[in-house]
Every structure is written in C-alpha cells, then in structure tokens.
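Accompanying notes for the structure given below.
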C-alpha cells in the first residue's frame, strides 16, 4: 500500500505541475475585471465538480470578498436542488443550467464550469447558450479536454484523466483564484 500511496502522490504532483501558470494568471485578471465591473459570476458542474463549484462560490463570495471593499457576485447554479429537479423533470437534465442562466444571466457576465471529461451535455449546452448571449465563458477541464475546451473563451486543462486528480487540480485553480484576492486585495482596485 505504501508504494500505491507514493505513486498516487507522484501522479497528483504531475497533475498539479500541468496547471498552466500564465493561464491561471489570465483567469485571475478575468475575475478582477468581472469584480470591477460588478458582473455576476455563475459557476456549476456535475458530481465532484458540483461540489467544487459550491466550495469555490463560498470561498470567493465570502473569503475573498471579506478582504475587498466590494463583494464578488457569485452564484453556484448546482446548489438549488428543487429548481434543478424541476427543470430536469419538466424539460431535461441537459437544461438544468441553461434554464437558470435564462433567468439570471446578462451580457458581460461570467460563466465558469468544471468538468473532467469536458463533454457533459448539460455543461456544454449552458456554455453554448452563454456564448451566444454575450457572457464570457471559462472551462476547467481534465486531460481529455472535450467539447468544452473547444467552445469556452478561456480553457484551463489539468492534464490528467483520473477524476480525483483532475478534480483536485481544478479545486487548486479555484483556491488560487480566491487566495489571489485574499492575499493581494490591490487586485480589486
């Protein structure tokens, strides 16, 4: 078991090393602009990525915002179970995020989605809708990249196809986004 753990850690380090530093810095700038322009930020995913989206919304909406004079306006679209199940039941599961964006989103707002495969139909449909309605789109994806990598305005790849390692890398990117503002509040000025 010791060798399996050591191997897992080595592969996790490689996944973290694959995170593109320049693209993370550019993403921090994207969030800085969204903050300055008082844009709404929408974040969502499925499964572990949904948990990461919720965690990220909490950290940016509370932790990072506590350090700034003005708060981030962020909403995790996967946190309203009754609305998601109503949309999935009455329309289709593929529409659970797109239909929420129809209610909330405005041109210039920001969408960030996370997916290891990059091919989840509900995420792809929501990002396509967002792009056609003037929102800026960001996808954090795993090594398979998928359709999201092709269509998002900004794509960051954690170059591993293992769900746990890719999701850990994506949460690492989200933590960097939050702590960039917590530890450098001048980014918001």
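Every number here is computed from the coordinates shown, using simple stated rules; none is lab data. Keep in mind the model is a prediction, meaning the values are calculated, not measured. Because the Cβ atoms are built from the backbone with ideal geometry, glycine has one as well, and the counts that use them run over all protein chains shown.
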### Message
Need one number: nm distance between label points at residue 131 and residue 7, each 7 Å from Cα along Cα→Cβ, rounded to one decimal.
### Response
3.8
#### Entry: Distance between modelled label sites at residue 33 and residue 144, nm, 7 Å Cα→Cβ extension
3.1
### Message
Between segment 22-59 and segment 131-181, how far is it from one alpha carbon centroid to the other, in angstrom?
### Response
10
### Task
Over the chain, calculate the relative contact order: mean separation of alpha carbon pairs under 8 Å at least 6 apart, over the residue count, as a percent.
26
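Just subtract the alpha-carbon distance of residue 67 and residue 176 from 0.36 nm times their residue separation and send over the number in nm, one decimal.
Here the answer is 37.8 nm.
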### Summary
The whole-number value in µm²/s of the Stokes-Einstein translational diffusion coefficient for segment 2-188, with Rh from the Kirkwood sum over alpha carbon pairs at 4 °C and 1.567 mPa s, is 78
